[in-house]
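Below: one structure, written as structure tokens.
The values are calculated or read from the model by the stated rules, or taken from the named source; none is laboratory data. All values reported here derive from a predicted model rather than from experimental measurement. In this analysis, Cβ positions are derived from the backbone assuming ideal geometry, glycine residues included, and neighbour counts consider all displayed protein chains. Note: areas computed on protein heavy atoms with side chains; ligands, DNA, RNA excluded. Shrake-Rupley method; radii C 1.70, N 1.55, O 1.52, S 1.80 Å.
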Amino acid sequence: QVQLVESGGGLVQPGGSLRLSCSASRSIFSINAMGWYRQAAGKQRDLVATITSGGGINYGDSVKGRFTISRDNAKNTVFLQMNSLKPEDTAIYYCNAYHNGFYSWGQGTQVTVSS
């Protein structure tokens, strides 16, 4: 298991940008996959982006071309750069780690896109 702490959420206007960070309690070098999910009020938790230990990346359809996931193994941190934000991106964003059959989740960070 690994403890995850998200940061970087906040209020931003439509068209703006935010960068989320997910800090892990231990080395992420060998963790099978890390990613970001989001949950809007009254809706299910959906995939935003994942990145594997080998560098493979997958994005949810609604964020392709606008969001970028990356990882810094030296800092045990995963990032989510979010550009061209839309009101429908408003949600709680959760960091996730998957390793050897186990999932770990952070506590989430709120992102609100509104004018």
Counted residues, segment 74-93 - those being more than 19 Å from S53 (Cα to Cα), part of a strand (DSSP E or B) and open to solvent by less than 50 Å² (accessible area, probe 1.4 Å):
3
What are the pairs, 6+ residues apart or on separate chains, where a residue within segment 56-75 that is under 24 Å from I28 (Cα atoms) has its Cβ under 6 Å from a residue that is open to solvent by 50 Å² or more (accessible area, probe 1.4 Å) and part of a loop (DSSP other than H, G, I, E, B)?
N73/F29
Segment 1-28, residues that are under 24 Å from N100 (Cβ atoms) and either free of Cβ contacts under 8 Å to residues at least 24 places away in the same chain or within 17 Å of the chain's Cα centre (by Cα) (or both):
V2, Q3, L4, V5, E6, C22, S23, A24, S25, I28
Just one listed residue, out of W36, W105, is surrounded by fewer than 19 Cβ atoms within 10 Å (Cβ to Cβ), at pLDDT 95 or above and aromatic (F, W, Y), and it is W105
For G60: the one exception among (1) at pLDDT 95 or above; (2) open to solvent by 30 Å² or more (accessible area, probe 1.4 Å)
(2)
